[in-house]
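Shown next, in structure tokens, is the structure this report addresses.
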Amino acid sequence: MDYKIVIPSLTRIDILKERTLKTLEKYKIPNEKIYIFVVEEEANAYRKKLHGGYNIIIGKKGIAEQRSFISNYFKNEDYLITMDDDIRNIYELTYRDEKKTLKPITCFLSLIDKVYNILSEEMATCCGIYPVKNAFFMSPGHSTNLKFCIGQLRFFINNQEIESSRTYKLLEDYEITLKYYLEDKKIVRLNHICLDADYGKLPGGLSSITNRKFQAKAKEVDQFYNDYAVYCFVKDRETKAGRKIDIGLRNRAGGLSIW
């Protein structure tokens, strides 16, 4: 089983070095397996600061554009693991005194291998993880019904047609989740695996060049619902921080799946 780790990064050399790359080093992932996709104007800075045989590739600017470029850079059916550049650690659900808790995984390579086998057995091509670090809502094993697969860590058998078909900027993770589900009639999610990361709270990153104001999000949510109403619902609510609007997915049985 061959695999490649792909990491899109923008204006985050130090964050990438101290977080995701250090995490991968801890799990003994060979540097030559790691492909870092940057924009042309930052390529030399990344090359000067990152040593040790990493593959530093000049790609495109923008979330959808970079992820499409990554897919087209590799061959169809290559086994790819895409990771964000701010990952501190990868956790798995366990039980202590019959209570749910989280502990760091012991071997990332074993997880990569396990996911590949699950995808083969399930005849699926995309696998995600639980999108928030919260043991209370997590569960053992994996599912194959329609559940959101966050792009921070995603395992997939490269499908250039799907990966290059992004039309959304803020909801592209939901769009890709749904497109793989429609292609395979299932999507794998590891409901016992999650990340320690900052989820867009740090400076820089691909999301920093995207208009994330409420009006832009509401416009995308409205369009997404118009396109995929059978498979989703709108979450529009008031919070202490103000009004929030998002998309939720409906699972295969027709119920609501917030995550």
- Which condition breaks for residue 203 when tested against (1) open to solvent by 30 Å² or more (accessible area, probe 1.4 Å); (2) in a helix (DSSP H, G or I); (3) modelled with pLDDT under 95; (4) touching a Ser or Thr at 6+ places or on another chain (Cβ under 9 Å)? (2)
- Inter-residue pairs, beta-carbon under 6 Å, first under 18 Å from residue 15 (Cα atoms) and in the stretch 35-61, second open to solvent by less than 70 Å² (accessible area, probe 1.4 Å) and assigned to a loop (DSSP other than H, G, I, E, B), 6+ apart: 36/9; 36/54; 37/59; 38/9
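Inspect all residues belonging to the stretch 158-166 and state whether any of them is of a type in the set (A, V, I, L, M) and under 21 Å from residue 197 (Cβ atoms). Outline the logic, then answer.
Within the stretch 158-166, the first condition is being of a type in the set (A, V, I, L, M), and the residues that meet it are 162.
Filter again for under 21 Å from residue 197 (Cβ atoms), leaving none.
No, there is no match, as no residue in the stretch 158-166 is of a type in the set (A, V, I, L, M) and under 21 Å from residue 197 (Cβ atoms).
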- Note on the structure: Within the stretch 89-98, residues being modelled with pLDDT under 95 and under 22 Å from residue 114 (Cα atoms) number 1
- Query: Is it the case that some residue within the stretch 11-32 is modelled with pLDDT of 95 or more and at positive phi?
  - Reply: yes
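Quick check on the stretch 60-84: of everything there that is acidic (Asp, Glu) and under 16 Å from residue 173 (Cβ atoms), which residue is farthest from the chain's Cα centre (by Cα)?
My answer is 65.
Considering the stretch 89-108 alone, what residues qualify as being open to solvent by 30 Å² or more (accessible area, probe 1.4 Å) and under 26 Å from residue 10 (Cα atoms)?
The answer is 91, and nothing else.
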- Here the qualifying pairs (Cβ atoms under 6 Å; residues six or more apart or on different chains; first in the stretch 143-164 and under 25 Å from residue 233 (Cα atoms); second among the aromatic types (Phe, Trp, Tyr)) come out as 146/181; 148/259
- Query: Among 36, 58, 63, 81, which is the only one that is within 22 Å of residue 189 (Cβ to Cβ), at pLDDT 95 or above and of a type outside the set (Ser, Thr, Tyr)?
  - Reply: 81
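I'd like the residue in the stretch 89-116 that is without any contact (Cβ under 8 Å) to a residue 12 or more places away in the chain, of a type outside the set (S, T, N, Q) and in a strand (DSSP E or B) and, out of all such residues, is farthest from residue 134 (Cα to Cα).
96
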- Message: For the stretch 148-172, which positions are charged (D, E, K, R) and open to solvent by 40 Å² or more (accessible area, probe 1.4 Å)?
- Response: 161, 169
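The values are calculated or read from the model by the stated rules, or taken from the named source; none is laboratory data. Fair warning: this is a prediction, and the values are worked out from it, not measured in the lab. Neighbour counts are summed over all protein chains in view; Cβ atoms, including those assigned to glycine, are modelled from backbone coordinates with ideal geometry. To get the accessible areas, we keep the full protein, side chains included, count just its heavy atoms, and leave off ligands, DNA and RNA. Shrake-Rupley method; radii C 1.70, N 1.55, O 1.52, S 1.80 Å.
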